[in-house]
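In what follows, a structure is listed as structure tokens, so that the remarks can point back to it.
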Amino acid sequence: HQVAEPGFIVACLKRVLQHLHLAQQGLRSVEEKRLLLAETQTWITLEIFAIRGDGGPFAVGPGVPLHPKDRIRFVVSPAGAKYLLVASRDGAGTFSIYHPFGAQQSQALNDMKARLDVPGAVELDETLGPERVVAVFSEEPVMAEQVEAALRADEKNPKLPGVRFVSFEFVKVAP
């Protein structure tokens, strides 16, 4: 067994406490990165963790700024979805696929765990400003161009048939 770094454990505990605080207030919104699926009463989630320089990982939550060169990782709860694509639209309007990195379509989820660490990490570029990351969950493969079109049509509430989106916006600032 591997032992997690103390900084990672602290970051995770802080995240759990944030979720408990939000749950006590009865808040449910896309900006909290959660979506309750009425038909299954199952949460799909997107969590983002970052590493800055040689520091340890920290949870990216509301109001936590990121910097160019920070590395980000994703943890998702797919709630039974068979395919996943993680995409982004940065402050300059550039669309990118973060998972599977640079791919043209979503990837099959071979591991049906309730919570998945998405492989790999993405190093943020120099573009400053808001960046919206979306996790795209589906039963069938989804093309990246469809996701891009849905985000351009309605960035905060994208829609595609048979697709569930969970999004989170962070701000990238100069160090």
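The values are calculated or read from the model by the stated rules, or taken from the named source; none is laboratory data. Predicted model only: the values in this text are computed from it and were never measured. Note that each Cβ is placed from the backbone with ideal geometry, even for glycine, and that neighbours are counted across all protein chains shown. Quick note on the areas: whole protein, heavy atoms, side chains included, nothing else; ligands and nucleic acids left out. Shrake-Rupley method; radii C 1.70, N 1.55, O 1.52, S 1.80 Å.
Structure notes:
- Between segment 147-175 and segment 106-140, the alpha-carbon centres lie 12 Å apart.
- Distance cut-off 15 Å, percentage of C-alpha pairs in segment 69-175 lying past it: 60 percent
- Extension gain, ASP54-PHE95: 0.36 nm per intervening residue step, less the Cα-Cα distance, totals 12.0 nm.
- Ordering VAL171, PHE95, SER138 by the projection of their Cα atoms onto the charge dipole of segment 87-175, which places +1 on the Cβ of Lys and Arg and -1 on the Cβ of Asp and Glu, puts SER138 at the extreme positive end.
- About the Cα centre, charge dipole magnitude for segment 75-160 (Lys/Arg +1, Asp/Glu -1 at Cβ), debye: 340 debye
- Of ASP54, ASP154, the residue with the largest accessible area leads and the full order is ASP54, ASP154 (1.4 Å probe).
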